[in-house]
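Colleague: Below you will find the structure I want to go over with you.
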Amino acid sequence: MSPRENGPHENRPREDGLPQDPQDVKLMIHALVDGELDAAAALAVERRMAADPELAAEHARLVALRGAVASVPRPTVSDAFLARIAAIAAVKDPEDVEAAQGEHVKAEAQPSARQQQQGNVVAMRPRAARWFDSFDWRQMAASIVLTAFLASGATQWLATADNGAESFAVAVANSHRRSLLAATPVDIVSSDRHTVKPWLDGRIGVSPAAPDMAKDGYALLGGRVEVIGDRPMPALVYRHHEHLITLVAAPRQNEAKSVPVADDLSAGGFLLVHWTDDAFSYWAISDAERPALDDFVARFRAAIIANPAAGSPG
Amino acid sequence: MAGAPDGGTVLSEKMLAARFAEVVLPHLGDALSLACWLTGNTADAEDVVQEACLKAHAGIAGFAGGNPRAWLLTIVRNASYTWMAKNRPRSVVAVGDLADLDDVSPPPDNDADSPEAALIAKANSAAVEAAIARLPQAFRETLVLRDINGLSYREIAAMLGVPQGTVMSRLARARGVLMTELGGRHHEPA
């Protein structure tokens, strides 16, 4: 990761840790402009620049060049091209193809044809035109419908699909994705429910049962606090082989719909299972396969029933 | 549990479509930019990106997190070179044979004064575009990935399969050429 290692040059580091070779110092200025230096290295480079007008001038030129390059116009993604690309995924989706067979789609297909004539670069090209000819109108229509959805944002499409539960599922999916990208998926690392539960209790006053099911192949990694719809709620993180499973336990509210039987959902490319018990509304989410997630849910529910003491809320 | 046996496959296809929509579609602009700079024109770039997106869709299940833009651009880069090898065999640079380019020593910059920075900043975008287009392939590619697509040194090094130090020296060389051209070209008052 360190940008300082630069090829064969063997430079004795000076006191500020920067290379001595003038060319290598220039590389450090590039790295500074590119935001690749940590704070200590950035400070050292800035000190060198303050002492050396030539380095400062190089820095000024680089900043100017960055601005000049940023001003170069970029190719725009035309609607027709986006439709072509969106269709790659759409034609594989039977529900969208079915949807495209609806009558209202025919009506939509015509404005889009007009759109293509309005100076649309892609449609004007002979090659692209051939491509459109070979395209079944249903797929074309499906892609237009999909594009309309995409224009309003894929997540919104999922969120507005149905009801509150759907948007909650999307929020859970987004949190799960964020946790996968974060340095660590948990705020409290422990495989011991006697550590995880009090931690969650201390933070937000509620904690679900946190059985460690390592012997079943689902190791408890720890817990974190999720904020979904401005309510903080506990989340447990389990590992199953290479997959992480996040289990969000939303404290039941009076109006919440009871879902005693697990409900299979998906959101944002992840699979979810949703169910409720007396105290919590549970959402299990993972990129694991459906059978593994179902197995996890079954074992988790069995573990709670077997050991209700571990599952008392609060 | 509640899922029907065939419900699983439908869900997983929907899942893949959703992932495609999240991973690929937001980065089409960057994909087009890169393909455009590598192939040299917008029309071919769309064909290349379409080809790349087909590959991306086929391989979307293998996307294991990380930077989706870097993932897509890697596929776009490969598709660009495949496309050029097929359609413009004479213009393709052997990608694996760049040692000579990396050894080129940087140009001397004796006239390192700040007016040059002002000239660079004022350069019109057509001149900048032309200067980038004139860069040797390996330098252009690195510069575009960094300054136009916004990838990090590490991501570029991984994509090109070269050490990070090589990315840095190519970048410095590319920028050095651009700064010399844009800073020196406008000496005569326009």
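No value in this document is a laboratory result; all are computed from the given coordinates. Note that the structure is predicted; figures quoted are calculated from it, not measured. Methodologically, a virtual Cβ is constructed for each residue, glycine included, from the backbone with ideal geometry; neighbour enumeration extends over all protein chains shown.
Colleague: Give me a single rounded figure for B:43-52: the average over its residues of other chain Cβ atoms within 10 Å of their Cβ.
Modeller: 4
Colleague: Determine the shielding of peptide B:137-150 by partner chains: average, over its residues, the number of Cβ atoms on other chains within 10 angstrom of each Cβ.
Modeller: That works out to 2 on average.
Colleague: Based on the Cβ-Cβ distance from residue B:67 to residue A:23, what FRET efficiency comes out when R0 is 35 Å, to the nearest 0.05?
Modeller: About 0.75, to the nearest 0.05.
Colleague: To continue, here is another question. In µm²/s, what is D for the stretch B:7-87 at 25 °C and 0.890 mPa s, where D = kT/(6 pi eta Rh) by Stokes-Einstein and Rh is the Kirkwood radius from Cα pairs?
Modeller: Once the numbers are plugged in, D ends up at 190 µm²/s.
Colleague: Can you give the local net charge around residue A:277? Use residues other than it whose beta-carbon is closer than 11 angstrom to its beta-carbon, Lys and Arg +1, Asp and Glu -1.
Modeller: My count for the surroundings of residue A:277 gives +1.
Colleague: Amide H of residue A:281: which non-local residues (sequence gap of 5 or more, or other chain) have their own amide H closer than 5 Å, using H built in the peptide plane?
Modeller: A:250, A:252
Colleague: Now for a separate question. Quick query: amide H of residue A:266 versus all other amide H atoms, modeled in the peptide plane; which residues come in under 5 Å with a sequence gap of 5 or more or a different chain?
Modeller: Close amide H contacts, sequence-distant or interchain: A:272.
Colleague: With 24 Å as the cut-off, how large is the P(r) tail for the stretch A:188-314, expressed as percent of Cα-Cα pairs?
Modeller: That tail contains 19 percent of the Cα-Cα pairs.
Colleague: So how far apart, in nm, are the two label points at residue B:54 and residue A:43 if each is 7 Å from Cα heading toward Cβ?
Modeller: 5.5
Colleague: For a Förster distance of 25 Å, can you work out the FRET efficiency between the beta-carbons of residue A:259 and residue A:201, rounded to the nearest 0.05?
Modeller: It comes out at approximately 0.50.
Colleague: Within 10 Å of each Cβ in peptide B:171-181, how many partner chain Cβ atoms are there on average? Round it to a whole number, please.
Modeller: 4
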